[in-house]
Amino acid sequence: MKEQPVVFKGTRNGLQIYIAHGSDMPEIMEAAAGKLQSGKPFFEGATVNLTFFGREFLVEEQTRLLELFARYMKPGSVEFRTQPVSVERKDLPERDHYDSFDGIEEGMTRFVRGTVRSGQRVSYEGNVVIIGDVNPGGEVIAGGNILVLGNLRGIAHAGATGNQDAVVASYCLQPTQLRIAGYITRAPEGETAKPPYPEVAYIRQEQLFIEPYLPGKGKQADFHTT
Amino acid sequence: MGEVIVITSGKGGVGKTTTTANIGTALALLGKKVVLIDADIGLRNLDVVMGLENRIVYDLVDAVEGVCRLKQALIRDKRFEGLYLMPAAQTRDKNAISPAQMQKLCEELKEHFDFVLIDSPAGIEQGFKNAIAGADKAVVVTVPEVSAVRDADRIIGLLAANELTEPQLVVNRLRMDMVKRGDMMNIDDTIDILGIDLLGVVPDDENIIVSSNRGEPAVTEENSMAGQAYRNIARRLLGEEVALIDMESGVTFMEKLRKLFSGKNKRKS
């Protein structure tokens, strides 16, 4: 089978676009346009860092390609290279790369009193503290940490602007989905047992861990990133 | 000055109309002056459940548009004095009236009645917005199913955004036998998620279907367990403290019966 002329790969750092060696320009433009069109709602309005690698381009070709991408998203940093970017953690001094919230230890915090119900969304660039429950169908999105002083049953996205050090903590951590920075995890199928102790979720070694934050209360359990 | 209560749920088919008909009838039985408004324009049902379908001349939209006087659109119940129905228009849709018009209507009606009960349509769109516009209080109906509870939660959030911050909950169609087997959400789980006050629990009861089809609300039947539950809900709305029905005992009795019958069957075969 012929190699695909254009392959998209989403990374924490933005979009990596692999352009097959030896593919010609009309072919590339057509394939890229098709992929962009199918991902249109996803890209719409987002600022995306673009890294092209694989085939080398003339300056004029680069401009044409970028114009195409700019129709679907706001390009952030743009790079053309011949080798793929390594995804090693070391290579990602993300605080420099991202405009992410860095007030994890100390910083802006929004307090929400009451229950976040289905269909409601709390979103804030700093940390968020919910004094109440987050019900299934409710969403909390924070640039920093998320603390729920109640049951967390909905969706929580901590470090939404890219900070992987963000944590999600709750008196009763039973989220439909848990996201930290670029990691998305969901609760294991079928297990609905209520954790009897407060827990905190964090990212370590590209894995999401959940453990009680009061020492000696229960054993460590881990979710697997999906 | 009366009280306007909207009965709503988000999800369809959980028993809003049945609940409206039964609570309204029970309040009338307790001597209150009650009007039931069917806000489900285009899909009217309340008149059928109340057995008043053939008496409709004017409806809610006629009254709001000034085609008739308010009083002309009110149908007096055939059984109870002090109970009235304002039917929905069937040939129009939810956009035929506005929240402001609904509010005005409720203001007028509550001067003449002790209770104005509004049967809300399913959903969260225009019809729902109309239904809650004039309400002083909300009753959220749900059944012990995950999807219905989700929708109820959404509705409670929307009610709060419209200054109806303390809705009360009616859990409808509870089957104790299934709860016992762990096949149905129990009341505590439901309340734990929704976090609002419980107004009442109505057991699943076949009589409800029979009586709805006949156009006679189940509250009028002394022996119906669901009827009893609705009578209790009405008393709680009047501020009385009424304990929840002990449904467990009902179940054990049913179980006894079932055992008895299954025993008989065995002997026969």
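The values are calculated or read from the model by the stated rules, or taken from the named source; none is laboratory data. Owing to the predicted nature of the structure, the values given are computational and were not obtained by experimental measurement. Cβ coordinates were reconstructed from backbone atoms using ideal geometry, including for glycine residues, and neighbour counts include every protein chain displayed. Calculation scope for accessible area: heavy atoms of the full protein, side chains included, ligands and nucleic acids excluded. Shrake-Rupley method; radii C 1.70, N 1.55, O 1.52, S 1.80 Å.
Taking segment B:1-106 as the region of interest, the helices (runs of 4 or more DSSP H) fully inside it that hold 2 or more residues being under 19 Å from the mean Cα position of the chain (by Cα) are B:16-29, B:46-49.
Can you find a residue that is of a type outside the set (S, T, N, Q), within 17 Å of the chain's Cα centre (by Cα) and farther than 28 Å from B:Gly2 by Cα anywhere in segment B:149-156? Yes, segment B:149-156 contains a residue that is of a type outside the set (S, T, N, Q), within 17 Å of the chain's Cα centre (by Cα) and farther than 28 Å from B:Gly2 by Cα. For segment B:140-199, name all the residues that are part of a loop (DSSP other than H, G, I, E, B), within 12 Å of another protein chain (Cβ to nearest Cβ), of a type in the set (A, V, I, L, M) and closer than 14 Å to B:Ser9 by Cα. Within segment B:140-199, B:Ile196 is the sole residue that qualifies. Assess whether B:Ile187 counts as being touching a strand residue (DSSP E or B) at 6+ places or on another chain (Cβ under 7 Å), modelled with pLDDT under 95 and farther than 16 Å from B:Thr17 by Cα. Taking the combined requirement at face value, the residue satisfies it. Taken over segment A:13-28, the criterion of being under 29 Å from the mean Cα position of the chain (by Cα) and surrounded by 17 or more Cβ atoms within 10 Å (Cβ to Cβ) is satisfied by A:Asn13, A:Gly14, A:Leu15, A:Gln16, A:Ile17, A:Tyr18, A:Ile19, A:Ile28. When B:Gln126 is tested against (1) without any contact (Cβ under 8 Å) to a residue 40 or more places away in the chain; (2) within 14 Å of chain A (Cβ to nearest Cβ), only condition (2) is not met. For segment A:135-147, what are the residues that are over 15 Å from A:Gln120 (Cα atoms) and either within 12 Å of chain B (Cβ to nearest Cβ) or free of Cβ contacts under 8 Å to residues at least 40 places away in the same chain (or both)? Across segment A:135-147, the qualifying residues are A:Ile146, A:Leu147.
Summed over segment A:106-134, residues that are more than 14 Å from chain B (Cβ to nearest Cβ), in a strand (DSSP E or B) and either of a type in the set (A, V, I, L, M) or under 21 Å from B:Glu166 (Cβ atoms) (or both) total 2. Just to verify a result, which residue in segment A:159-178, among those that are open to solvent by less than 20 Å² (accessible area, probe 1.4 Å) and closer than 20 Å to A:Gly114 by Cβ, is nearest to the other protein chains (Cβ to nearest Cβ)? Selected residue: A:Cys172.
Filtering segment B:111-124 to residues that are part of a loop (DSSP other than H, G, I, E, B), under 17 Å from B:Asp38 (Cβ atoms) and not polar (S, T, N, Q) leaves B:Phe113, B:Pro121, B:Ala122, B:Gly123. Pairs please, first residue from segment B:193-215 and closer than 25 Å to B:Val48 by Cα, second anywhere and assigned to a strand (DSSP E or B) and among the basic types (Lys, Arg), Cβ atoms under 9 Å, 6+ apart in sequence or on different chains. So the pair list comes out as B:Val202/B:Arg173; B:Pro203/B:Arg173; B:Asp204/B:Arg173; B:Asp205/B:Arg173; B:Ile208/B:Arg173. A:Val112 satisfies every condition listed in (1) farther than 30 Å from B:Glu125 by Cα; (2) surrounded by fewer than 19 Cβ atoms within 10 Å (Cβ to Cβ) except (1). Restricting the search to helices (runs of 4 or more DSSP H) fully inside segment B:204-269 and requiring at least 3 residues that are modelled with pLDDT of 90 or more gives B:206-214, B:225-237.
One line per residue, one yes/no per condition, for (1) under 25 Å from B:Ala234 (Cβ atoms); (2) touching a Gly at 6+ places or on another chain (Cβ under 7 Å); (3) touching a residue at least 12 places away in the same chain (Cβ under 8 Å):
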site: B:Leu29; (1), (2), (3): yes, no, yes
site: B:Ala39; (1), (2), (3): yes, yes, yes
site: B:Arg44; (1), (2), (3): yes, no, yes
site: B:Met50; (1), (2), (3): yes, yes, yes
site: B:Asp62; (1), (2), (3): no, no, yes
site: B:Cys68; (1), (2), (3): no, no, no
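Per the conditions (1) open to solvent by less than 80 Å² (accessible area, probe 1.4 Å); (2) not in a loop (DSSP other than H, G, I, E, B), the sole criterion not satisfied by A:Tyr72 is (2).
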